[in-house]
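Read the structure below first, then the notes.
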């Protein structure tokens, strides 16, 4: 968008230049100053101080009515420039004008938390912002959407990674709401560090089999009731998701154990889905990679032939002590 401002003065050439500027620059549109002479100009010099950096341009034989744009690289931290314009006309007359250029960069502030890093031990959350931020409001919510704590902190960060602390007792925090403030606007997001390891009795599968024996279904029926209790308590504040991880002992081939554990985890998820659990279910086969009780290779260990049921709004982070996993949605 081009906005023009007429500069009035006492000379005959005081109205010979028209000025405008880019009002809403962004990462794809650079800020800049327009100079439009009403008469032919032999030479046109423009110098701008942009955040302490000097930009300079010179153009010759500028036609009357030509829209000359002098632009500089977009920086979301800068929304002001001081410019000087010197025009020399064929008659030898010289016109000089100093003018400020202000523009809005607030609309560029946004938050990318698709790869948010939650430090469960340090109780911090790191996300990516597209523009500088000067402060943040943080609200922590608990079960039943009860506000646990809130705080406002000062920041001097961005664009790029920004780390904020959790507020309240970490063991009670179910959802964090964060609002960032910058020079020209604000952006907010919600994130849940909440995660539960659901206690249960493990299904006993037949050797090398992934089908659930009818005699073991009562264990999953009990799990289904426990899951409903979790939904009743937390479902109104976070999107409840179930992550089923299958694990084996060290007997047999490691690759075969991964496949077997993945098929068993999927079988558990399918049973729960078919019997009424209508929230997202993800599964992964850890095989021998996540032993409850470390053993040597080839050791028959009942405690390691297990499944884990993790409930959360997001996949379990590696900082929680759970090995990295390629969770598949059922």
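Structural remarks
- Number of the exception - residue 208 against (1) closer than 30 Å to residue 174 by Cα; (2) more than 39 Å from the chain's Cα centre (by Cα): (1)
- You will find that of 285, 312, the residue that is in contact with a strand residue (DSSP E or B) (Cβ under 7 Å, 6 or more places away or on another chain) and within 16 Å of residue 262 (Cα to Cα) is 285 and no other.
- Residue within the range 188-202 that is surrounded by fewer than 14 Cβ atoms within 10 Å (Cβ to Cβ), without any contact (Cβ under 8 Å) to a residue 60 or more places away in the chain and closer than 24 Å to residue 278 by Cα present: yes
- Among residues of the range 18-44, those that are buried (at least 16 other Cβ atoms within 10 Å of the Cβ) and either outside the structural domain of residue 84 (by TED's automatic domain parsing) or free of Cβ contacts under 8 Å to residues at least 60 places away in the same chain (or both), counted: 10
- Exactly one residue out of 75, 82 is under 42 Å from the mean Cα position of the chain (by Cα) and part of a strand (DSSP E or B): that is 82.
- Test: residue in the range 287-304 that is modelled with pLDDT of 95 or more, assigned by TED's automatic domain parsing to the domain that holds residue 224 and under 31 Å from the mean Cα position of the chain (by Cα): no
- Check on residue 114, surrounded by fewer than 19 Cβ atoms within 10 Å (Cβ to Cβ), part of a strand (DSSP E or B) and at pLDDT 90 or above: no
- Figure legend. Inter-residue proximity from the range 284-304: first residues at positive phi, second residues not in a strand (DSSP E or B), beta-carbon distance below 7 Å, spacing 6+ or different chains. Indicated pairs: 287/248; 287/254; 287/257; 287/258; 287/261; 298/250; 298/251.
The values are calculated or read from the model by the stated rules, or taken from the named source; none is laboratory data. Just so it is clear, the structure is predicted and the values come from calculations on it, not from any experiment. Don't worry about glycine lacking a Cβ; one is built from the backbone with ideal geometry, like all the others, and counts go over all protein chains shown.
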